[in-house]
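The values are calculated or read from the model by the stated rules, or taken from the named source; none is laboratory data. Please read these numbers as outputs of a predicted model, since none were measured by experiment. Cβ coordinates were reconstructed from backbone atoms using ideal geometry, including for glycine residues, and neighbour counts include every protein chain displayed. The area values use the complete protein model at the heavy-atom level, side chains included, leaving out ligands, DNA and RNA. Shrake-Rupley method; radii C 1.70, N 1.55, O 1.52, S 1.80 Å.
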Amino acid sequence: MSALQIVECPRDAMQGWPHHLPTAQKLQYLQQLLQVGFHTLDCLSFVSPKAIPQMADSHEVARQLDKGNSNTQVLAIVANERGATEALQHRVVDALGYPFSISPTFQQRNANSSLAESWQRVLRIQELVKQQSRQLVVYLSMAFGNPYGDDYSAELVMEWAD
């Protein structure tokens, strides 16, 4: 049996807040989470601040975040090569996350790209990650259906997973 890996994603909550959380408060919270023992802490976002203003301070957070003796990996979400390049500037970032949606409508809304364009982005980001000896995590969002009426089937999900 393989080991259980727990990923904590405070980024998901932070980016949905209606107000900006001060950088110092965010850092204090993340420093505490690094001591819990999660496998991965998904806590940074290198996407347009226009899209997610609550995460606009990710560069500053990454500069100040101290993993100390924590074995927790830090993950930053990106939506394109620019974001990947920015995230990879920070040594604290162990992995990049890319949200790839099975739903063409959601992919267009979330990353301003078609599925084919997004797949090409994944391949280019993978090359950047390999050059830096880091990891890439591709999220298959909308893998259990979608509210947009786009085609969905378990077979379609398996095709993209392959």
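Numbers for the structure displayed
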quantity: Members of the stretch 1-24 found to be in contact (Cβ under 8 Å) with a residue 12 or more places away in the chain and either closer than 16 Å to Thr40 by Cβ or part of a helix (DSSP H, G or I) (or both), listed by number; calculated: Gln5, Ile6, Val7, Glu8, Cys9, Pro10, Arg11, Asp12, Met14, Thr23
quantity: In the stretch 1-29, the residues that are touching a Leu at 6+ places or on another chain (Cβ under 9 Å) and either crowded, with 16+ Cβ neighbours inside 10 Å or not aliphatic (A, V, I, L, M) (or both); calculated: Glu8, Cys9, Pro10, Arg11, Met14, Leu27, Tyr29
quantity: Only listed residue being touching a strand residue (DSSP E or B) at 6+ places or on another chain (Cβ under 8 Å), under 22 Å from Gln32 (Cβ atoms) and open to solvent by less than 40 Å² (accessible area, probe 1.4 Å), chosen from Ala76, Ala84; calculated: Ala76
quantity: Residue list for the stretch 36-48, filter: among the small types (Gly, Ala, Ser) and either open to solvent by less than 10 Å² (accessible area, probe 1.4 Å) or over 14 Å from the mean Cα position of the chain (by Cα) (or both); calculated: Gly37, Ser45
quantity: Filter result (surrounded by fewer than 16 Cβ atoms within 10 Å (Cβ to Cβ) and not in a helix (DSSP H, G or I)) within the stretch 100-131; calculated: Asn112, Ser114
quantity: Cross-chain or 6+ apart pairs with Cβ under 8 Å, the stretch 144-162 first and of a type in the set (Asp, Glu), then at pLDDT 90 or above; calculated: Asp150/Ile102; Asp150/Ser103; Asp150/Pro104; Asp150/Thr105; Asp150/Phe106
quantity: Matching residues in the stretch 49-99 - criterion: being within 15 Å of the chain's Cα centre (by Cα), acidic (Asp, Glu) and in a helix (DSSP H, G or I); calculated: Glu81, Glu86
quantity: Condition broken by Gln120, with the remaining ones in (1) more than 16 Å from the chain's Cα centre (by Cα); (2) within 25 Å of Gln5 (Cα to Cα); (3) not basic (Lys, Arg) satisfied; calculated: (2)
